[in-house]
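Student: The structure's right below; bear with me while I get my questions together.
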Amino acid sequence: MSLKEIIPAVRTENITYAVRDIVVLANEVAKSGKEMLYLNIGDPNLYDFEPPKHLLDATFKAMLENKNGYAPSSGIKPAVEAIEKEAGRKGIKNIQDIFVTTGASEAIDICLTALVNDGENVLTPTPGYPLYTAIASKLQMMENPYYLDESNNWQPDIDDIKKKINSKTKAIVLINPNNPTGSLYSTEVLHQIIELAAEHNLVIFADEIYDKLLFDGKKHVSIASLNDQVPCVTFGGLSKNYFVPGFRIGWGIISGKKEFLKEYVEAINKILRARLSANHPEQFGIAPALEMDHSHLTEAMKKLTVRRDLTVNMLNSIPGITCVKPEGAFYAFPRIHMDKPDSEFVSGIIREYGVVIVPGSGFGQVPGTQHFRVVFLPNETILKKAYENIATYLKKFVGN
């Protein structure tokens, strides 16, 4: 026998996922018996949040009725119809296709795969959700990040976007409300992005998975509702708004002028057919979730508002930290005013205090700045203790 080491594909070399990668260190520290305070993963089910009962009942009923085989590649009819009605409520018109996927993550992966060739690029927000850069690495796309402006409540920097568009740019990604900053984009900014997309023939990828988790009476505007001609794919799902991330149910809504989208829609459907289908029984929860009682959101936002305010107030009271107030989702992205790398700060506080946060470098940031992301889903007792530990450790860390 002449067995040799198996060499992985080059496309995997630059794939990182900071949210999960940090768990490796946290698990090591937890083995020592240290109390751990987890502020790293946006999973409401780990805390005191529960999905609406009617969503669960519909799913269990489908399982008991043996709806456990393959589903249609684009999703079951009641689910697709419910998503179409929801798109109508959001103001989205000129819909060319709707499809259900294994979480919004698969929808994003499929749509990027169907669009981008070797050597081409997609504009991705920085800071932004690391899934996009992980997929870009897998597809061997050219990186093309654009910045969000921290001094302007983390709105997309339109001037920077203009500078980054080139002849190989195929699309622009928006995460609104944003992960990791919690920002909510203004209608003015959305109109400017539409103008750029129209001018440069770009597809807009609108990740709106947090569109119902809004603070202070804010309203979410879906970018696809502002123009029915520009090609747009709006991503949504059950994971965040309905607190069932483990169901892995998401979707994509393709809108825009039909003549521009015909071949792209078919390319997406080729991939959908090749991977068979998303989870079948869980799809029966989509219509009840979208169309029935939403009181779970009212209760959730009461809790999250208290925790958001605690987060912002305590972090801004720490010398050396500033934190922009989130307007949506359940994340904050505070800045540490120091010269040392945020990755060192994060690894240190995990080891010494068990506070599990994610370095800003894992989401991207303006060069020369240092940040970290917190998830403020835990209760106030946990958050308060975590932020007190952050204050204590930062003083020690910067002084070293």
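A short reminder: the numbers here are calculations on the coordinates, not readings from a lab. In this text, all values refer to a predicted model and were calculated from it rather than measured experimentally. Note that each Cβ is placed from the backbone with ideal geometry, even for glycine, and that neighbours are counted across all protein chains shown.
Student: Over 30 Å between C-alpha atoms is what I'm after, so list which of Lys4/Lys168; Lys219/Lys395; Lys325/Lys395 land there.
Tutor: The pairs that break the limit, which is 30 Å between Cα atoms, are Lys4/Lys168; Lys219/Lys395.
Student: Restricting the count to DSSP beta bridges whose residues both fall in the chain, what percent are antiparallel, rounded to a multiple of 5?
Tutor: 55 percent
Student: Something else: Based on the mean of other beta carbon atoms within 10 Å per residue, what is the order of 203-213, 231-241, 357-367, most packed first?
Tutor: Output ranking for 203-213, 231-241, 357-367: 231-241, 203-213, 357-367.
Student: Taking the C-alpha atoms of segment 120-238, how large are the radius of gyration and the largest Cα-Cα span, Dmax, in Å?
Tutor: Reported Rg and Dmax, both Å: 13.4, 41.
Student: Can you give me the pair-distance distribution of segment 242-390, C-alpha pairs, 5 Å bins, whole percents?
Tutor: P(r) for segment 242-390, in whole percents per bin: 2, 8, 13, 14, 13, 11, 11, 12, 10, 6, 2, 0.
Student: Could you give the length gained on full extension between Glu352 and Met63, defined as 0.36 nm per residue of separation minus the Cα-Cα distance, in nm?
Tutor: 99.5 nm
Student: Expressed as an acute angle from 0 to 90° and rounded to the nearest 10, what is the orientation of the C-alpha long axis of helix 342-353 relative to the principal long axis of the chain?
Tutor: Orientation of helix 342-353: about 60 degrees from the principal axis.
Student: Additional query: Just to check I understand the Karplus step: with θ = phi - 60° and J = 6.51 cos²θ - 1.76 cosθ + 1.60, what whole-Hz values come out for segment 66-78, glycine and proline as x?
Tutor: After applying 6.51 cos²θ - 1.76 cosθ + 1.60, I find 6, 7, 10, x, 5, 9, x, 4, 8, x, 6, 4, x Hz.
Student: What three numbers, in Å, describe the spread of the alpha carbons of segment 22-143 along their principal axes, ordered from the longest?
Tutor: Its Cα atoms span 52, 47, 31 Å along the three principal axes.
Student: What residues have an amide H closer than 5 Å to that of Tyr185, excluding those fewer than 5 places away on the same chain, when H is modeled at 1.01 Å from N in the peptide plane?
Tutor: Residues meeting the criterion, in which the H sits 1.01 Å from N, do not exist here.
Student: Also: If only Cα atoms are counted, what is the Rg of segment 53-291, and what is its Dmax, in Å?
Tutor: Rg and Dmax of segment 53-291, Cα atoms, are 17.3, 55 Å.
Student: Of the beta bridges DSSP finds with both residues in segment 53-291, what % are antiparallel, to the nearest 5?
Tutor: For segment 53-291, the DSSP antiparallel bridge percentage is about 50.
Student: Going by average Cβ neighbours within 10 Å, how do the peptides 91-100, 175-184, 337-346, 291-300 rank, with the highest at the top?
Tutor: Packing order, densest peptide first, comes out as 175-184, 91-100, 337-346, 291-300.
Student: Can I ask one more? Cut-off under 18 Å on the C-alpha distance; same-chain residues fewer than 8 positions from Lys61 excluded. Which aspartates and glutamates are left, in chain and number order?
Tutor: Straight-distance partners of Lys61: Glu282, Glu291.
Student: Amide H of Tyr129 versus every other amide H placed in the peptide plane: which residues, excluding those fewer than 5 positions away on the same chain, fall under 5 Å?
Tutor: Hits under the 5 Å cutoff: Asn179.
Student: So, one more: I need the phi-derived Karplus couplings for segment 225-235: 6.51 cos²θ - 1.76 cosθ + 1.60, θ = phi - 60°, integer Hz, Gly and Pro marked x.
Tutor: 6, 8, 7, 9, 10, 5, x, 9, 10, 9, 9
Student: Let me ask you something else. Any idea what Rg and Dmax come out to for segment 215-322 if you just take the C-alpha atoms, in Å?
Tutor: 19.1, 56
Student: Taking only Cα atoms, what is the 0 to 90° angle, nearest 10, from helix 258-274's long axis to the longest principal axis of the chain?
Tutor: Value to nearest ten degrees: 80.
Student: Let me ask you something else. How far is it, in nm, from the label point at Thr369 to the one at Gln192 when both lie 7 Å from their Cα along the line to the Cβ?
Tutor: Each label point is offset 7 Å from its Cα along the Cβ direction, giving 1.5 nm.
Student: How much of the calculated P(r) for the chain lies past 32 Å, in percent of all Cα pairs?
Tutor: 36 percent
Student: Output the 0 to 90 degree angle, nearest 10, between the alpha-carbon long axis of helix 18-30 and the longest principal axis computed from the alpha carbons of the chain.
Tutor: It works out to around 40 degrees.
Student: Between rounded, prolate and oblate, where does segment 36-89 land on the alpha carbon gyration tensor, with a ≥ b ≥ c its root eigenvalues, rounded for a/c under 1.5, else prolate if a/b exceeds b/c?
Tutor: Numbers: a/c = 2.26, a/b = 1.62, b/c = 1.39.
Prolate shape, in that a/c is at least 1.5 and a/b is the bigger ratio.
Student: Evaluate E = 1/(1 + (r/R0)^6) for Asp309 and Ile6, where r is the Cβ-Cβ distance and R0 equals 45 Å; express this FRET efficiency to the nearest 0.05.
Tutor: FRET efficiency, Asp309 to Ile6: 0.30.
Student: What ³J(HN,Hα) values, in whole Hz, does the Karplus curve 6.51 cos²θ - 1.76 cosθ + 1.60 give for segment 300-311 when θ = phi - 60°, with x put for Gly and Pro?
Tutor: Along segment 300-311, the couplings run 5, 5, 4, 5, 5, 5, 4, 6, 4, 5, 4, 4 Hz.
Student: Next up: Taking a cut-off of 19 Å between Cα atoms, list the aspartates and glutamates near Lys257, but don't count ones fewer than 8 places away on the same chain.
Tutor: Glu84, Asp97, Glu195, Glu199, Asp228, Glu266
Student: Further question: Apply 1/(1 + (r/R0)^6) to the Cβ-Cβ distance of Leu25 and Asn45, taking R0 = 25 Å, and write down the FRET efficiency to the nearest 0.05.
Tutor: 0.60
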